[in-house]
Amino acid sequence: MPQALECSEGCWAWMVLLASVVTQGLTLGFPTCIGIFFAELQREFQASNSETSWFPSILTAMLHAGGPLCSILVGRFGCRATVMLGGVLASLGMVAGSFCCTLGQLYLTAGFITGLGMCFSFQSSITVLGLYFTRWRVLANALASAGVSLGIMLWPLLSRRLLEDLGWRGSFLIFGGVLLHCCVCGAILRPVPARVTPETRDGLPPPSRRPARGCPAACGRAIQRHLAFDVLWHNVGYRVYTLGVAWMIMGFPLPHVFLVPYAIWHGVDEHRAALLISIIGFSNIFLRPMAGLVAGRRDFASHRKYLFSLAALLNGLTNLACAASADFRVLVAYCLVYSVSMSGIGALLFQVLMDIVPMDRFSSALGLFTILESISILISPPLAGLLLDTTSNFSYVFYMSSFFLISAALFMGGSFWALGKMERQGPQAEVQGAVTEAAPEQGLTTEDTDGPKKRLRVEIVYVTSV
């Protein structure tokens, strides 16, 4: 198949960046508008808070859990076809969801199918940036993340207007047409020739296309390639970070789902309540790229994991302030502070993972990371809905969110500090042992001098690999 001869970081690369911005706004920004329809869906299907919460949780979970399948499709068909396939699936799911008669049907259509399609579109649009950008890759990722903020700002405003004029069914039907624009963005992603792909750039041979001799062996290789269980077992830093983020995600998405119902329940006008999510999105337009550029600096490489823990801690503390008062001015201030911590979490989430895991295993480590993250996303909103059904008090939802965020931040910060202390003590103990052995010897030969250095070098490699 002929491929377009596009140069890395050429003129068309910036068109690809624009397509990635729009795609991320259409996909990653979409789940924040579901809270607008929460009360309407609850009345339509006569469902409890817990039952209604399954819809946004399935949608968001599939948005992350489809990562390994998306990487397989990208490797087989390329980014352009995968983005366009995702746009078609997302559109079909929303259109079918507008005709649903039960919540179970809504889970399958607008939840599962739409979420999987959005996953294909957004993850492929991120992957293609690594093929088109080398020198300006950090800047490109930071600018592309602004699309998420645009989506968070615009989707709630559009949803509120459509809900008033067309109801939730008409709104979902319109959403199906809007999500088809992912196909337009996918068409812009011209295939990149093999000479600028990461495998060729790094001098690695392309993957073999010969069929595997045995099905079990092929399955084992596929699991090892896309789900890094061996890294989870041997890399302590990756294990701490994965478990900490999975625990943190139990509380992180709750304000996106319950902030609007919480404000309306306390008497805030529906238009002003929808404006709260848009305030978060508008703030992130400026904060998220700035946080991405700061996180990409080499000066912060050794401190990123602590900054991430600090951002999670700040996010949890702001949720406590939201639970204390539902006055509109307090909620606006909460949204502004929440945006700061949210942008820090979004900018550092994958940067910290890159610091912990070797880049040759990053793809498979990311696959397992997103799978565990999606499990937490799937459980969190229904668990909060069950708590709300039991207590009939929205404040407990924000207390729950704060508990998971603060405890995860303390766990990750404390664990990374302990691991860093072990890394510092290891080389020091080795050096002290070498000095003690060399003290009785007044005249060391060159071979004697090199011995401790060699042992010290082996020890450093061992500690940092953990």
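The values are calculated or read from the model by the stated rules, or taken from the named source; none is laboratory data. The model shown is predicted, which means the values in this text are computed figures rather than measured ones. Cβ atoms come from the backbone with ideal geometry, glycine included; neighbour counts cover every protein chain shown. For the accessible areas, the whole protein counts, side chains as well, though only heavy atoms, and no ligand, DNA or RNA atoms are used. Shrake-Rupley method; radii C 1.70, N 1.55, O 1.52, S 1.80 Å.
With the condition kept exactly as written, say whether any residue in region 404-415 is open to solvent by less than 60 Å² (accessible area, probe 1.4 Å), more than 27 Å from Ala65 (Cα to Cα), at pLDDT 85 or above and more than 19 Å from the chain's Cα centre (by Cα). Yes, region 404-415 contains at least one residue that is open to solvent by less than 60 Å² (accessible area, probe 1.4 Å), more than 27 Å from Ala65 (Cα to Cα), at pLDDT 85 or above and more than 19 Å from the chain's Cα centre (by Cα). Any residue in region 89-108 that is without any contact (Cβ under 8 Å) to a residue 60 or more places away in the chain and under 23 Å from Phe350 (Cα atoms)? Checked region 89-108: no residue is without any contact (Cβ under 8 Å) to a residue 60 or more places away in the chain and under 23 Å from Phe350 (Cα atoms).
Test Leu139 against the criterion of being touching a residue at least 24 places away in the same chain (Cβ under 8 Å), open to solvent by 30 Å² or more (accessible area, probe 1.4 Å) and closer than 23 Å to Val88 by Cβ, and give yes or no.
Details: touching a residue at least 24 places away in the same chain (Cβ under 8 Å): yes; open to solvent by 30 Å² or more (accessible area, probe 1.4 Å): yes; closer than 23 Å to Val88 by Cβ: no.
It is false that Leu139 is touching a residue at least 24 places away in the same chain (Cβ under 8 Å), open to solvent by 30 Å² or more (accessible area, probe 1.4 Å) and closer than 23 Å to Val88 by Cβ.
Rundown of residues vs (1) in contact with a His (Cβ under 6 Å, 6 or more places away or on another chain); (2) at pLDDT 55 or above; (3) under 30 Å from Thr242 (Cα atoms), yes/no style:
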site	(1), (2), (3)
Asn393	no, yes, no
Ser401	no, yes, yes
Ala418	no, yes, yes
Pro427	no, yes, yes
Val435	no, no, no
Ala438	no, no, no
Thr446	no, no, no
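Filtered by the rule that a residue be within 22 Å of Ala140 (Cβ to Cβ) and open to solvent by less than 10 Å² (accessible area, probe 1.4 Å), region 293-323 gives Ala295, Phe308.
Condition check: of a type in the set (Gly, Ala, Ser) and either at pLDDT 90 or above or farther than 25 Å from Ala65 by Cβ (or both). Does Ala365 satisfy that? Steps first, please.
Numbers: of a type in the set (Gly, Ala, Ser): yes; either at pLDDT 90 or above or farther than 25 Å from Ala65 by Cβ (or both): no.
Taking the combined requirement at face value, the residue does not satisfy it.
Within region 159-175, residues that are touching a residue at least 40 places away in the same chain (Cβ under 8 Å) sit with their Cβ atoms under 8 Å from residues that are β-branched (Val, Ile, Thr), at 6+ positions apart or across chains, in these pairs: Ser159/Ile36; Arg160/Ile36; Leu163/Ile36; Phe172/Val95; Leu173/Val95. Taking residues in region 218-237 that are more than 20 Å from Thr370 (Cβ to Cβ), and partners anywhere that are assigned to a helix (DSSP H, G or I) and modelled with pLDDT of 80 or more, the pairs with Cβ atoms closer than 8 Å and at least 6 places apart or on different chains are Val236/Leu419. Among the residues of region 236-281, those that are assigned to a loop (DSSP other than H, G, I, E, B) and modelled with pLDDT of 90 or more comprise Met250, Gly251, Phe252.
Counting only residues that are within 22 Å of the chain's Cα centre (by Cα), among the β-branched types (Val, Ile, Thr) and open to solvent by 20 Å² or more (accessible area, probe 1.4 Å), region 89-122 holds 1 of them. Within region 69-88, being of a type in the set (Lys, Arg) and touching a residue at least 40 places away in the same chain (Cβ under 8 Å) holds for one residue alone: Arg80. Applying a threshold of 7 Å to beta carbon distances and a minimum spacing of six or more residues, or different chains, the list of pairs starting in region 339-362 at a residue that is closer than 10 Å to Ala291 by Cβ and ending at one that is among the basic types (Lys, Arg) and open to solvent by less than 10 Å² (accessible area, probe 1.4 Å) is empty.
For Glu423, indicate whether it is charged (D, E, K, R), part of a helix (DSSP H, G or I), open to solvent by 20 Å² or more (accessible area, probe 1.4 Å) and touching a residue at least 24 places away in the same chain (Cβ under 8 Å). So Glu423 fits the description; yes. The selection criterion, being surrounded by fewer than 19 Cβ atoms within 10 Å (Cβ to Cβ), of a type in the set (Asp, Glu) and either in contact (Cβ under 8 Å) with a residue 24 or more places away in the chain or assigned to a helix (DSSP H, G or I) (or both), holds for Glu44.
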